[in-house]
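Step one of this worksheet: look at the structure below.
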Amino acid sequence: MKQVLIDSYGTPWDVARCAEVPDVGDPGPDEVVFDVLAFPINPADMWFCRGSYRLKPPLPATPGAECVGRVTSVGSAVKHVAKGDLVINLQRENWTQRRRVKGDDAIPLPPGIDLRQAAMVRINPPTAQLMLSDFVDLAPCDWVIQNVANSAVGRLLIVLARQRGLRTVNVVRRAGLADELKTLGADIVIADGDDLAARVAVVTGDAAIRLGVEAIGGAATGRIVDCVATDGTVVHYGSMSGDDPKVTRSNFIYRGVKLTGFMLGRGLAKRTPEKIRAIYADLAGQVMAGKLSAPVDTVYPIDRIKEALAHADKGGRNGKILVAPNGAI
Ligand SMILES: NC(=O)c1ccc[n+]([C@@H]2O[C@H](COP(=O)([O-])OP(=O)(O)OC[C@H]3O[C@@H](n4cnc5c(N)ncnc54)[C@H](OP(=O)(O)O)[C@@H]3O)[C@@H](O)[C@H]2O)c1
């Protein structure tokens with residue numbers, strides 16, 4: 001079977017290759033085997049290839065934090081999925097044609113779900129959802145501010161916030177995206193910049209913003225911190241700039257703003273397997289109903305992984321780059 005391997009850490013499209021490797025074999029009693037139908041290339045996967053992600057396993061290694069697959073066989077002790085079911089996988093190493101995993105790591109999805117969307121259900125939708133629920137007790141009409149609002153997470157957060165009656169300020173680096181994000185439910189779309197807090201105060205009528213979520217790092221974190229109200233909370237969940245957050249200390253001392261972080265794995269680890277399945281059942285149901293989606297730019301076959309990675313690294317894409325390892329989807 002085919003599998004993506006990286007032999008050294010470095011520029012993703014230089015270090016990744018499509019290799020021929022032995023098949024995964026049959027499932028043990030508590031295991032599931034599935035064909036990988038599609039996986040997205042996420043920012044964290046790029047950092048994994050570069051060796052700058054929190055996980056840096058011995059090489060050669062296979063990237064891939066998420067995928068959607070179709071079950072081909074199940075062990076005798078596994079009761080919640082069956083052959084033919086679509087599943088997502090809570091474990092990594094998914095840039096391959098076939099996976100063998102513990103039954104509890106295979107989360108069933110509804111039959112008929114759009115495969116491209118299903119490939120992206122595992123990480124970004126629960127990230128957006130849990131950031132809205134786990135930090136600040138928000139009530140309808142409360143404001144939330146986020147940067148990278150055009151990212152997959154950002155777009156999902158706009159939709160999920162609107163469903164709860166929350167209002168969103170969406171900070172982007174391309175002002176031309178405003179109409180598109182407003183169609184999703186964004187209340188305000190605003191370009192990032194030095195005077196962000198002053199401009200946000202004007203367009204929101206000095207609203208008290210109690211939650212900020214941000215994924216750029218460096219001075220951009222500070223700009224979001226400046227925008228939230230006294231005693232507000234900012235959740236740092238990614239670093240598109242590669243820089244650590246830079247925040248003016250007066251925000252902490254004089255205004256009591258809290259800066260914290262989110263990682264999906266930690267968020268899910270606080271929940272039981274049943275609760276985790278319920279979260280994904282809800283999100284998958286919303287995908288089925290057409291309420292949640294993330295745009296897809298291009299789908300590549302696994303043999304063209306180098307091309308796919310180089311494309312994923314380019315700014316200005318119209319959505320995610322996906323790979324379909326077992327034929328077109
Ligand atoms: N902590 C967690 O558990 C967790 C889970 C999921 C995702 N994340 C993080 O969430 C972030 C978004 O992920 P995603 O999959 O939604 O991303 P995505 O769809 O690939 O979008 C990336 C976004 O980042 C923007 N961007 C790229 N480089 C930038 C820079 N140097 N400065 C400012 N903006 C920049 C892009 O702007 P344009 O649209 O203008 O190109 C785009 O909106 C990533 O940092 C990812 O690691 C974290």
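The packing ranking, built from the mean of other Cβ atoms within 10 Å per residue, places the peptides 65-77, 37-49, 4-16, 247-259 in the order 37-49, 65-77, 4-16, 247-259, highest first.
Grouping the Cα pair distances of region 172-251 into 5 Å bins from zero gives a pair-distance distribution of 3, 15, 23, 27, 21, 8, 2, 0 percent in increasing distance order. For region 112-129, 3J(HN,Hα) computed residue by residue from phi via the Karplus equation (6.51, -1.76, 1.60; θ = phi - 60°) reads x, 5, 4, 5, 5, 5, 4, 5, 10, 7, 5, 10, 6, x, x, 4, 4, 5 Hz, glycine and proline entered as x. Who wins for biggest fluctuation among GLY154, GLY205, GLY267 in a Gaussian network model of the chain, springs between alpha carbons below 10 Å? Fluctuation is largest for GLY205. The tail of the calculated P(r) for region 94-165 beyond 14 Å holds 69 percent of all Cα-Cα pairs.
Other residues lying with their Cβ under 14 Å from the Cβ of ALA128 contribute a combined charge of +2, Lys and Arg counting +1, Asp and Glu -1. Rounded to the nearest 20 debye, the dipole magnitude of region 222-329 is 280 debye, with +1 charges on Lys and Arg beta carbons, -1 on Asp and Glu beta carbons, and the Cα centre as origin. If you take all other residues with their beta carbon under 11 Å from the beta carbon of LEU160, and give Lys and Arg +1 and Asp and Glu -1, the sum is +3.
For the chain, the longest principal axis of the C-alpha atoms and the axis of helix 152-163 are separated by about 60°. Would you kindly give the portion of the calculated P(r) for region 124-265 that falls above 27 Å, as a percent of all Cα pairs? Tail fraction, whole percent: 9. Dividing the convex hull volume of the alpha-carbon atoms in region 199-329 by its residue count gives 180 Å³ per residue. Pairwise Cα distances in region 35-191 exceed 18 Å in 65 percent of cases.
Here each label is just a point 7 Å from Cα along the line to Cβ, and for ASN318 and SER76 those points are 5.3 nm apart. Projected label points at GLU274 and VAL203, each 7 Å from Cα along the beta carbon direction, are separated by 4.4 nanometres. Here region 200-278 and region 119-134 have alpha carbon centers that stand 15 Å from each other.
Close amide H pairs (under 5 Å, H built 1.01 Å from N) link TRP143 with ARG167, ARG210, residues at least 5 positions away or on another chain. FRET efficiency for the GLN91 to ASP114 pair, using the beta carbon distance and R₀ = 25 Å, is estimated at 0.65.
Close amide-amide hydrogen proximity is noted between VAL171 and GLN146, ASN147, ALA149, ILE190, each under 5 Å apart and 5 or more residues distant or on a separate chain (H modeled in the peptide plane; Pro and chain starts excluded). Note that region 235-247 has calculated 3J(HN,Hα) couplings of 9, 8, 10, x, 9, 5, 8, x, 9, 6, x, 10, 10 Hz, one per residue in order, obtained from phi through the Karplus relation 6.51 cos²θ - 1.76 cosθ + 1.60 (θ = phi - 60°); glycine and proline are x. If the segment from ALA219 to ILE253 were pulled out straight at 0.36 nm per residue, it would be longer than the present Cα-Cα gap by 10.4 nm.
For GLY193, what is the net charge nearby, where nearby means another residue's Cβ is under 11 Å from its Cβ and Lys, Arg count +1, Asp, Glu -1? For residues surrounding GLY193, the net value is 0. Note that the chain shows a convex hull volume over its alpha carbon atoms of 130 Å³ per residue. When both bridge partners sit in the chain, DSSP labels roughly 50% of those beta bridges antiparallel. Seen against the Cα atoms of the chain and their longest principal axis, helix 273-288 is set at about 80 degrees.
Mean residue ellipticity, 222 nm, helices only, the chain: the sum of -39500 (n - 2.57) across DSSP H runs of n ≥ 4, divided by residue count and rounded to 500, is -8000 deg cm²/dmol.
Taking θ as phi - 60° and the Karplus parameters 6.51, -1.76 and 1.60, the scalar couplings of region 5-18 work out to 10, 10, 9, 8, 8, x, 4, x, 6, 7, 8, 8, 9, 8 Hz in sequence order, x denoting glycine and proline.
Here the extension length gained between ASP137 and ASP30 equals 34.6 nm, from 0.36 nm per residue of separation less the Cα-Cα distance.
Under the convention that each Lys and Arg Cβ holds +1 and each Asp and Glu Cβ holds -1, the size of the dipole of the chain around its Cα centre is about 200 debye.
Which stretch or stretches of region 270-291 have amide N atoms under 14 Å from the point lying 7 Å from ARG54's Cα along the Cα→Cβ direction? 270, by backbone N distance to the label point. Under 5 Å from the amide H of THR96 lie the amide H atoms of VAL4, each residue being 5 or more positions distant or on a separate chain, with H modelled from the backbone and absent for Pro and chain starts. A simple spin-label model places pseudo-atoms 7 Å from Cα toward Cβ; at LYS83 and LYS246 they are separated by 5.9 nm.
We did not get these values from a lab; they are worked out from the coordinates using the rules stated. Since this is a predicted model, take the numbers as computed values, not measurements. Every residue, glycine as well, gets a Cβ built from its backbone with ideal geometry; the counts of neighbours run over all protein chains shown.
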